[in-house]
Protein chains: 2
Amino acid sequence: MSTEHSSTEHTGTPASSADTVAGLLGQIADVGRDPKRGGYSRPVHSDAEHTLREWFREQAARRGLDVETDRNGTIWAWHAPGGRRENAVVTGSHLDSVPGGGAYDGPLGIASALVAFDRLAERGTGGARAIAVFGEEEGSRFGVACLGSRLATGAISPERALALTDADGRTYAEVAERSGLDPTHMGPDPDTLARMAAFVELHVEQGRGLVDLGSPVAVATSILGHGRWRISISGEGNHAGTTLMTDRRDPMIAAGALVVRVRDLARAEPGARATVGRLQPIPGGTNVIASRVDVWLDVRHPEDAVTAALVEQIGAEASRLAADEGCTATLTEESFGGTVDFDAGLRDRLAARLGDVPLLPTGAGHDAGVLNAHVPTAMLFTRNPTGVSHAPDEGCEDTDAEAGAEALADSMELLADTASTAPERPLP
Amino acid sequence: MSTEHSSTEHTGTPASSADTVAGLLGQIADVGRDPKRGGYSRPVHSDAEHTLREWFREQAARRGLDVETDRNGTIWAWHAPGGRRENAVVTGSHLDSVPGGGAYDGPLGIASALVAFDRLAERGTGGARAIAVFGEEEGSRFGVACLGSRLATGAISPERALALTDADGRTYAEVAERSGLDPTHMGPDPDTLARMAAFVELHVEQGRGLVDLGSPVAVATSILGHGRWRISISGEGNHAGTTLMTDRRDPMIAAGALVVRVRDLARAEPGARATVGRLQPIPGGTNVIASRVDVWLDVRHPEDAVTAALVEQIGAEASRLAADEGCTATLTEESFGGTVDFDAGLRDRLAARLGDVPLLPTGAGHDAGVLNAHVPTAMLFTRNPTGVSHAPDEGCEDTDAEAGAEALADSMELLADTASTAPERPLP
C-alpha cells in the first residue's frame, strides 16, 4: 500500500515545488510587525499568530498534507502514505515570537520544513513524515517556554499550564478556549509521541558561530540548561510628590540594585548567563511610588547545580536588598529545563551526511530540547550573519536559507532510512 | 432678572439635596476597578472615565445645571441665573486616575462640588457658579499632568498636546477625536478664563498633615514645583541565552543603577523628592536582552533652580552609567511647573471663614496650580486617615467628606460675595 507511487498520488503533484524559503517567509513578512518595538510581536493565540497558523495550514494543504490541530494546540501536517501515521520522521518549529523579535526565530524552521517536504516529494522519499507547529515556544505570553511540547510530553501538568496568566491576567485556559481548544482535554499525548521515529528541528543560529566557521549549516550538540524565575518585591505604594524620601518603602530601589547584582553574580560564574529583560513596576505611574515590582530572571549554565546555586544567591540578594528598603521579596520558579545533550551517534551521522558540517552547542531553548527525552532528536542551525536574535536585526541570507532546507531534507531522508528499518507496529 | 428667586426657579428644586458625598461616590464605586493592581484605573478617555463623565453629566442635569463639554474636553456644569455666565465662582477637579489609584483623588472634589451646589441652592446663594471636570489631570495616559487646564491656559500648545502618545502609541489627537472632540479647535480659551471670578478646588489630602493637626479640612498655601522627564537608555537587543555576559550592551544595567542613584541624589538635596515609578524595558521579554529602557522621572522641590540642577545631575549620571555599559542615554522634559504660592489674602480669608482651619502646603500637582496664574485661586484639603495617595489605601471618612463639602460651599459663598462686588461686565 505504502509504495512511493501511491504516496505521490496521495500528496498530489507538489504545486509549490518552486517555493523557496525566502519566498515563503516573504508571504508573511507583514504579519505581526511591531511599529513600537521594531521587528515582530506574534504572541501565541494573538491575531498575528492565528494568521500565521492559517497561512501554514493553507501551505500544508496546497502540498496535499493532512492538517489537523491536536488537543494541545499543536498543528500537525501529515504525509502518511496509506494513511499510516506511524514510524514517522517529524520536523517542526513555532510561529510565535518574543516581543519585537526577528523574522526567522521559528518561522525559518517552518518555511524550511515546507520546502524540505517539496524536496522529499520530488525525490520520492517514502515513509510517514510530518511537520509540527508548536505553540508558545517563546513563553512570551504565559511565561513558560515550549509550552506545547511540555504539555505533550508531560513536562508540565495541564493544571499548571491552564492556570498560567498573561500580562492582562487572562488564563491560558481562557485564551486557549477562545481559540477553539478544549482546555479539559490538554495534557500528555503518548500516542503522538509513539508515532514519532525521530524529530529534527531546523532553527536560525542565535549567535555568530557559523559566521566564524564559514558554514551555512551546523548540527547541534547540546542546549544549555535554562530556567526562568519571577522575583516580586513588595513595598508601599504612595504619592511621588507628597511622600518624603525618608518615609518611603520603594521596591523600585531594591529592583534597580538587583538588576546590577544579577549581572555581577553571573559574570563571576564562568559559563553562566543571567538576564533581567522584563521588569514591571506596579501600578507603574510616573507620579506614583510603586507598591510592587515584578522582576523576571533568565538564568542558564551547562551544569544544573551551578544554575540552582546562582539562582539561590540571587534570591538571597533580592531579600537583602528588599530588606534594606523596608520591602520584602519572593522568588518563584516559572520553568526549568536542564542541559540537553543530543544523541551523539545521530548527531555525527547527520553531520557526515550533510558533508561534515560543523557541530555547535546553543544557549537557546527549543522544543527539540523537550522532545529529546522521548524521541531520538536532532537539530540543525542555519547561519545568522548578525548573530543577533530575539531582536529585529536577526538575519539569514536567502542562499543559506535554501541550503538549510536542503540539509533538512537530507536529514529527514537519512532518518526515514533509519525509521524504515525499525520493526513495524500495528495500526492502532 | 438675576434675583435669587429666578435662580431657584432656573435650577429647580434640588431633587438630590439629600445626597451625601459618600453616597455619590458610592454610585461610582464599581467603575474602573483594577483587579490586577487593586484600586482604580480610570485613564482619560477610557471606558471607565467616559462612564464617570456620563455619571457627572446626569448628576449635574438632575440639579438643573446647564452641562456642556468645551473644545478642550473640560465638562462645565453651570448655574447661571439669567443665563449670565460671567463673574462666576468655579470649583472643579477631575475623574481620571493614576493606574491602581484610590477612590478619592479627583472624584472627592467632584462629588463635594455637587453636594456644595446643593447647599448653595438651599441657602439661596446668588451669582453664577460652575463645576469644571478637567481631563488627564494625572497625566497617566499621555505623560503631561493637568492637560485640560494647561490647554485652556496656553501652558501647553495644542500642537504639542495633540502629538503626545499613550503607551499603545496612539496620539492624543486620535484618542480625543474618537471621543467626539475636534482636535483642530483645541487650545487657549481666554473667554472661559475671563468668565471666572475665582476658582477653588477641593482635594483629598495626599499626606497625614490633617491627621496630625486633628482637623477635617485645611486651606492650601502652595503647590510644590514639579516636573517629569523621560530618560531613554539605548543598547543592543539580543538573545538572553546565546549572548555571553561580556558581549552585552544591556541598557537594563544602566537603568537599574540609575534608579538607585536618583534616590541617593534626591536624599542628598534637602526638600527634594525624586521618583522612578514607571520603567519600561523594550521589547520586554524574559529571554531577551532589552534594546532600550525608558525610565520616567518625577522630581519636585520648592525652588525651581534646585529642581533644574538636580535633573541636570541625574541626566549626567544617566549618561555616565549608560556609557559604562556601551549604551547611550537621552533626557527629555515632558512637563514642568514651578512652585505655586496661592494668594495669601484669599487663603487667609477662607481659613478664617471656615473657622480658622489649618494651612497646609502640598507636594502634589493640581489644576488649581495651573489656573492660579490666570484666576484668583484657592484649594481645600479633606483629611486622609492613611495619608496614602495614588494607591488603593487612600482614604476619607464619610463625616470628613461631608465637612469638606460644607467647607467648599462656605468658600464658594465667600467668593460669590466678593465676586458680586466686582464691576459688572457686559454680556458678550
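Brief remarks follow.
- Average partner coverage of A:243-250, which counts Cβ from other chains inside 10 Å: 5
- Comment: the Cα-to-Cβ extended label point of A:ALA309, at 7 Å, lies 5.0 nm from its counterparts in the other copies, nearest first.
- Placing +1 on the Cβ of every Lys and Arg and -1 on the Cβ of every Asp and Glu, with no other charges, gives region A:121-236 a dipole of roughly 260 debye about its Cα centre.
- With one equal scatterer per alpha carbon and no solvent term, the Debye-computed log10 I(q)/I(0) for region A:225-336 at 0.11, 0.13, 0.18, 0.24 1/Å reads -0.35, -0.47, -0.81, -1.25.
- Two-site FRET efficiency, A:GLU58 against B:ASP182, from Cβ-Cβ distance with R₀ of 35 Å, rounded to 0.05: 0.20
- The per residue volume of the convex hull around the alpha-carbon atoms of chain B is 138 Å³.
- Euclidean distance of C-alpha centroids, region B:88-159 and region B:217-292, integer Å: 31 Å
- Pairwise FRET efficiency - B:HIS50 versus B:ARG267, Cβ, R0 = 30 Å, nearest 0.05: 0.15
- Here the dipole of chain B is about 520 debye; that uses its Cα centre as origin and unit charges on the Cβ of Lys and Arg (positive) and Asp and Glu (negative).
- Where B meets A: accessible area buried, both sides, 1.4 Å probe, Å²: 5200 Å²
- Measuring nothing but how far apart in sequence close Cα pairs (under 8 Å, 6+ apart) lie, relative to its length, region A:310-393 scores a relative contact order of 22 percent.
- For residues of B:269-276, the mean tally of beta carbons on other chains within 10 Å: 5
- Dipole of region A:214-277, positive direction: furthest Cα of A:GLY237, A:MET252, A:VAL217, with charges on the beta-carbon: A:VAL217
- Net charge, A:PRO302 excluded, C-beta distance under 13 Å - Lys, Arg +1, Asp, Glu -1: -2
- In a reduced charge model with +1 at each Lys and Arg Cβ and -1 at each Asp and Glu Cβ, region B:225-336 shows a dipole moment near 260 debye about its Cα centre.
- Taking a point 7 Å from the Cα of A:THR165 along the Cα-to-Cβ direction, the residues of region B:88-122 with backbone N closer than 16 Å to it are B:100.
- Calculated FRET efficiency for the pair B:ALA194/B:THR246, C-beta based, R₀ 60 Å, to 0.05: 0.40
- Cα-projected label distance for A:ALA344 with B:ASP348, points at 7 Å along beta-carbon direction, nm: 9.2 nm
- For region B:312-352, the Cα-based Rg and Dmax, in that order, read 20.3, 60 Å.
- Among residues of chain B, the one whose Cβ lies closest to the rotation axis carrying chain B onto chain A, together with that distance rounded to whole Å, is B:GLY256, 2.
- For residues of A:253-263, the mean tally of beta carbons on other chains within 10 Å: 6
- Placing a label point 7 Å from Cα along the Cα-to-Cβ direction at A:THR184 gives distances to the equivalent points in the other copies of 5.8 nm, listed shortest first.
- Cα-based Rg and Dmax for the protein assembly as shown, where Dmax is the largest Cα-Cα distance (Å): 32.1, 106
- The distance between label points at A:ALA308 and B:ARG320 comes to 4.3 nm (points 7 Å beyond Cα on the Cα→Cβ vector).
- Taking only alpha carbon atoms, region B:279-381 gives an Rg to Rh ratio of 1.18, where Rh is the Kirkwood radius.
- Local charge for A:GLY187 was computed over the other residues whose Cβ lies under 13 Å away, with Lys and Arg +1 and Asp and Glu -1, and equals -2.
- Its relative contact order, with pairs defined as Cα atoms under 8 Å and 6+ residues apart, puts chain B at 22 percent.
- Cα long-axis angle, helix A:398-420 against chain A (0 to 90 degrees, to the nearest 10): 60 degrees
- Mean shadow area of region A:56-151 over all directions, Cα convex hull, nm²: 6.4 nm²
- Per the Kirkwood formula applied to alpha carbons, region A:92-136 shows a radius of gyration over Rh ratio, Rg over Rh, of 1.09.
- GNM top mover of B:PRO385, B:PRO281, B:PRO183 - chain B, alpha-carbon springs below 10 Å: B:PRO281
- With label points set 7 Å from Cα along Cα→Cβ, the inter-copy distances at B:ASP168 are 0.9 nm, sorted shortest first.
The values are calculated or read from the model by the stated rules, or taken from the named source; none is laboratory data. Just so it is clear, the structure is predicted and the values come from calculations on it, not from any experiment. When we count neighbours, we look across all protein chains shown, and the Cβ atoms used for this are built from the backbone with ideal geometry, even at glycine. Areas reflect the complete protein model, heavy atoms only, side chains present, ligands, DNA and RNA absent. Shrake-Rupley method; radii C 1.70, N 1.55, O 1.52, S 1.80 Å.
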